[in-house]
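The values are calculated or read from the model by the stated rules, or taken from the named source; none is laboratory data. What you are looking at is a predicted structure, and each value in this text was computed from that prediction instead of being measured. Heads up, the Cβs are rebuilt from the backbone with ideal geometry, glycines too, and the neighbour counts pull from every protein chain shown. What goes into the accessible areas is simple: the full protein's heavy atoms, side chains included, and nothing from ligands, DNA or RNA. Shrake-Rupley method; radii C 1.70, N 1.55, O 1.52, S 1.80 Å.
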Amino acid sequence: MGRAKEIIVKVIPAKIAMPFIKRHHYSGKVVNNSCLHFGAFLDGKLHGVLSYGPSMDKSKIIGLVEGTKWSEFLELNRMAFDDYLPRNSESYVIAKTLRMIKKNAPHVKWVISFADACSCGDGTIYRASNFVLTGIKENRNL
């Protein structure tokens, strides 16, 4: 794991998270309904941000886990890291943030995220973090 275990993860305000995401996320865009932001710090500097919030269309997602109530899931809707962080940092930071959510918001039962295989990867980081693949959508834009 190398230096990944030296990463400090803490909640940060949107005014710090959003500019970092705009600079480092492949899309250059933020999700406006993100309400929970975590910063990944190494050597005293911010090198990664994970933003969580409600899904854009909860009615389409809520049925993935039977019996889920409206407020029992979140979406990891942005994850942006610079190149400074060591290998395995993404899965390490995801795990840390999920533990923090579980401890401080026990009503949240599960988290969903999406990977864009045409832009940034096929979900390898999510698989390494024990996410379950629930579907693959064909890209009709290619």
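Taking segment 73-89 as the region of interest, how many residues are over 14 Å from residue 51 (Cβ atoms) and either modelled with pLDDT of 90 or more or among the hydroxyl-bearing types (Ser, Thr, Tyr) (or both)?
Kept after step one, since they are over 14 Å from residue 51 (Cβ atoms), are these residues of segment 73-89: 73, 82-89.
Now narrow it down to the ones that are either modelled with pLDDT of 90 or more or among the hydroxyl-bearing types (Ser, Thr, Tyr) (or both): 73, 82-86, 89.
Looking only at that region, the number is 7.
Is it the case that some residue within segment 42-50 is out of contact with any strand residue (DSSP E or B) (no Cβ under 7 Å at 6 or more places or on another chain), under 30 Å from residue 3 (Cβ atoms), in a strand (DSSP E or B) and of a type in the set (D, E, K, R)?
Applying the first criterion (out of contact with any strand residue (DSSP E or B) (no Cβ under 7 Å at 6 or more places or on another chain)) to segment 42-50 yields 42-45.
Next cut, under 30 Å from residue 3 (Cβ atoms) only: 42-45.
Filter once more, so that each one left must be in a strand (DSSP E or B): 42, 45.
Then drop every residue that is not of a type in the set (D, E, K, R), which leaves 45.
Yes, that holds for at least one residue.
Modelled with pLDDT under 90, within 14 Å of the chain's Cα centre (by Cα) and of a type outside the set (Lys, Arg), is that true of residue 55?
Values: modelled with pLDDT under 90: yes; within 14 Å of the chain's Cα centre (by Cα): yes; of a type outside the set (Lys, Arg): yes.
Yes; evaluated as a whole, the condition is true for this residue.
In segment 72-87, is there at least one residue being open to solvent by less than 20 Å² (accessible area, probe 1.4 Å) and either within 11 Å of residue 9 (Cα to Cα) or small (Gly, Ala, Ser) (or both)?
Yes: one or more hits.
Filter segment 1-27 for residues that are of a type in the set (Lys, Arg) and closer than 11 Å to residue 92 by Cα; which is most open to solvent (accessible area, probe 1.4 Å)? Walk me through how you get there before you give the answer.
As a first pass, look at segment 1-27 and keep what is of a type in the set (Lys, Arg): 3, 5, 10, 15, 22-23.
If we keep only those that are closer than 11 Å to residue 92 by Cα too, we end up with 3, 5.
Values: 3: 88, 5: 142 Å².
Among those residues, the one meeting the criterion is 5.
Restricting to segment 51-84, name every residue that is closer than 27 Å to residue 3 by Cα, in contact with a Gly (Cβ under 8 Å, 6 or more places away or on another chain) and among the hydrophobic types (A, V, I, L, M, F, W, C). Lay out the reasoning, then the answer.
Initial filter on segment 51-84 (closer than 27 Å to residue 3 by Cα): 51-52, 76-84.
With in contact with a Gly (Cβ under 8 Å, 6 or more places away or on another chain) added as a condition, the list becomes 77, 79-82.
Residues satisfying the conditions are 79, 80, 81.
Given 69, 102, which one is out of contact with any Leu (no Cβ under 9 Å at 6 or more places or on another chain), assigned to a helix (DSSP H, G or I) and open to solvent by 50 Å² or more (accessible area, probe 1.4 Å)? Break it down stepwise before answering.
Details: 69 fails: assigned to a helix (DSSP H, G or I).
After ruling out the rest, the residue left standing is 102.
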